[in-house]
Amino acid sequence: MVKNLSETILAYLKSHNTLTLTTVIDNKPQAASLFYVNIGFTLYFLSEPKTRHCTNLTGNAYIAAAITEDYRHWKDIKGIQLEGQAGQVTGTVEKTRAMAAYIEKFPFVSDFLKSADFRMLMDKVKLYKIIPGTIWFVDNSKGFSHREQLDLKQLL
């Protein structure tokens, strides 16, 4: 069952683009919608360190996130809820690998990388990653509020 759930989650991650990231600092939650790419269960996103969600991460790396789409009926709802930790990517190899995956998923980024504004913006924009600890896959087609839990710490 874990293998099937893992495959379902990875397929869902691959077929979607946007996550809602929730960070908290001083008991004040904040949510931000971000494009992401995943390599396995690790998710990567680009953002400016001065944004509220990124400054929150410097004080509290623990996050929650959701990946869903709009539905017209509650029985159709499917999606991912996760919790874990997030922070800036610092390793050169990991940055290179994640940026290659990001460009593959979002080809328009490649054009931007060639633009004159790129260097100026890349001084401001950094690559971040989310390392989930637990992922829940929600599938209301199996019953109201049906969700299955994947504890990634047990897979290590």
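The values are calculated or read from the model by the stated rules, or taken from the named source; none is laboratory data. As the structure is a computational prediction, the values presented were derived from the model and not from experiment. Ideal geometry is used to build each Cβ from the backbone, glycine not excepted, and the neighbour counts take in all protein chains shown. Surface accessibility is based on the protein's heavy atoms, side chains included, excluding ligands, DNA and RNA. Shrake-Rupley method; radii C 1.70, N 1.55, O 1.52, S 1.80 Å.
Annotation note: of Ser33, Ser6, Ser110, the sole residue that is in a strand (DSSP E or B) and surrounded by fewer than 18 Cβ atoms within 10 Å (Cβ to Cβ) is Ser33.
For every residue, the table says whether it meets (1) touching a residue at least 40 places away in the same chain (Cβ under 8 Å); (2) buried (at least 18 other Cβ atoms within 10 Å of the Cβ).
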site: His53; (1), (2): no, yes
site: Ile63; (1), (2): yes, yes
site: Ile67; (1), (2): yes, yes
site: Lys75; (1), (2): yes, no
site: Gly84; (1), (2): yes, yes
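Looking only at residues of region 41-50 that are at pLDDT 95 or above and within 21 Å of Val109 (Cα to Cα), we find that the one that is surrounded by the fewest Cβ atoms within 10 Å (Cβ to Cβ) is Thr42. When region 86-102 is limited to residues that are part of a helix (DSSP H, G or I) and aliphatic (A, V, I, L, M), the one that is surrounded by the most Cβ atoms within 10 Å (Cβ to Cβ) turns out to be Ala98.
Annotation note: Cβ proximity below 7 Å between a residue of region 26-51 that is without any contact (Cβ under 8 Å) to a residue 40 or more places away in the chain and a residue that is assigned to a strand (DSSP E or B) and open to solvent by 50 Å² or more (accessible area, probe 1.4 Å) (sequence gap 6+ or interchain) occurs for Ala31/Thr20; Ser33/Thr18; Ser33/Thr20; Leu34/Thr18.
The residue that is nearest to Ala11 (Cα to Cα), among those in region 51-78 that are modelled with pLDDT of 95 or more and in a strand (DSSP E or B), is Ile67.
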